Each structure stands twice: as C-alpha cells, then as structure tokens.
Amino acid sequence: MTKYARTIDRNSSVPLYKQIKEILIEELRAASNEPVRPISTEEELVRRFHVSRAPVRQALKDLANEGYVYRERAKGTFPVRDLPIRPPGLQLGGLVGYLREQGLETDSQVLDVGRVQPPENVRSVLGLNQQDKVLKVSRLIFVQEKPLVWTQTYLNVPEDFEPSARELEESESVFLLLERSHGISLSRGEHQIWATGAAVKEAQTLRVDAGDPILMGETKMYTRDDHLIGWRKAAHRADDYKYSFTVHR
C-alpha cells in the first residue's frame, strides 16, 4: 500500500485510536484501485505513529468491525475491496462499543455460555443433525443500569473454541474472540425485525411485564467465504429503543 505522511495530532481532543482509524480509512480509500496486499502490521503502525499497542489494536478492531478490513490467520490484515458506506455501530456484535461511544453508561452481562444441542428451529436454519452441538452465548446488555437487549447467539464453530464468560465480557463481542483465536471472520448478517409481546422469560429478563411490546430480531451470520455459521435472537425493550436509519436516493 502506498505510504502517506499524515500522522496524529497529540494536541487534539480526539482519541488516538480514532485518529489512527480515520487516517487508515483515508489511505484505504486512496489505495482502492491498487492491487490487494496486507496493510501495515500492528508493529509497523506502533512505530509509525509512536504510540502503544492499545490505540493501534482498537483502530484495527474498529476497521474490521466496520467492514474496511478483514483478517486472515497467519497471513495478515487485508483491505476490503468494496469499502463500506454505513453508520458506525451497524455491525455484528458492535452494540456495546457503539453505545459507549455515544457516552451512555453501558454494561454487558453474560448469562450463560457453553456447548448445547440447539432447539429445532436453530438446527433447521444451520443445517445440523439432532445430536450436533453448537456454542451458545446468552448476553444481557444494560444501559444506565437498566436492561436494554437480551441476545441468544448460536455458533457452529470448532469445539476447541470455548471462551469463558469473563473473556466474553472483557472483549464485548464473541466474534472478535473467534477471529483472534481461529481466524474466522464474519462478513455479513441477514436480519429480520418485528414487534411482538414479551413472553414470560423475555419479560423477566428485560424487567418488563409479560405481553408488553418488545422489538424482536433474528440474524443469520455468514463468514467471508459465505458460510452460514450462526444464528442470533435478540429481544429489545421497546420503551427504550428507537430504530433510526437514512435512505439515499
């Protein structure tokens, strides 16, 4: 990739990782017509910007989450040829980080994690046999100490991928752990969203009354080679959730 002279401004109020991310996005767009080759490594970026690893890792993490780059195990980090145009936070597993970036007091609690035989509807979606087991992660996201979203994620991943609840809470996303440990990157999710009444378990978890309106979502998750790897169900409190988007002509 072509080298550029732009660097960070240490007197700016903008966090270092955001400055690094924006510089790299600018360079990725400028090099979009060049042959695809790995971008700079963590070590190279640390030396270039004269910073610690933390802001560099956060910048690369955000670039991957927002669809600008993808990682291949033992090969490096590569630019996505068709660069995204989308709002921040519109990404798989990025809700906690996005809410925190908006200045909201956000917490995440892993309710359950382990390998299970999924229910029939999940087996059908993922093309599994009755005896097959998958990794299930149940997580509750709080905003201002009040439950906002309850997610149940089923992933058909290698059996040796067994993150602990603590690892999941520290990383904010099971997808980031999966990418780091096994080099498996997710590229897209197909969503269905609808309004419904809270069932008893959903009401108890979200601290609403049974039958109260909630926003329900289901997502099919695909890897970069278009392999269907997971399914997620998410129940959102309707009284504290607003779905906003922009449509361009």
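A few notes on this one:
- Selection within segment 154-177 - part of a helix (DSSP H, G or I) and not hydroxyl-bearing (Ser, Thr, Tyr): 165, 166, 167, 168, 169, 170, 174, 175, 176, 177
- Residue within segment 160-183 that is polar (S, T, N, Q), closer than 30 Å to residue 74 by Cβ and at pLDDT 90 or above present: yes
- In segment 114-153, residue surrounded by the fewest Cβ atoms within 10 Å (Cβ to Cβ) [restricted to those that are among the aliphatic types (A, V, I, L, M), out of contact with any Ser or Thr (no Cβ under 7 Å at 6 or more places or on another chain) and assigned to a strand (DSSP E or B)]: 116
- Which numbered condition residue 222 misses (of (1) in contact (Cβ under 8 Å) with a residue 60 or more places away in the chain; (2) over 26 Å from residue 143 (Cα atoms); (3) aromatic (Phe, Trp, Tyr)): (1)
- Residue match in segment 58-70 (condition: in a strand (DSSP E or B) and outside the structural domain of residue 172 (by TED's automatic domain parsing)): yes
- All conditions but one from (1) β-branched (Val, Ile, Thr); (2) surrounded by 14 or more Cβ atoms within 10 Å (Cβ to Cβ); (3) in a strand (DSSP E or B) apply to residue 193; the one that does not is (2).
The values are calculated or read from the model by the stated rules, or taken from the named source; none is laboratory data. Fair warning: this is a prediction, and the values are worked out from it, not measured in the lab. A quick note on method: Cβ atoms are made from the backbone with ideal geometry, for glycine too, and the neighbour counts reach across all protein chains shown.
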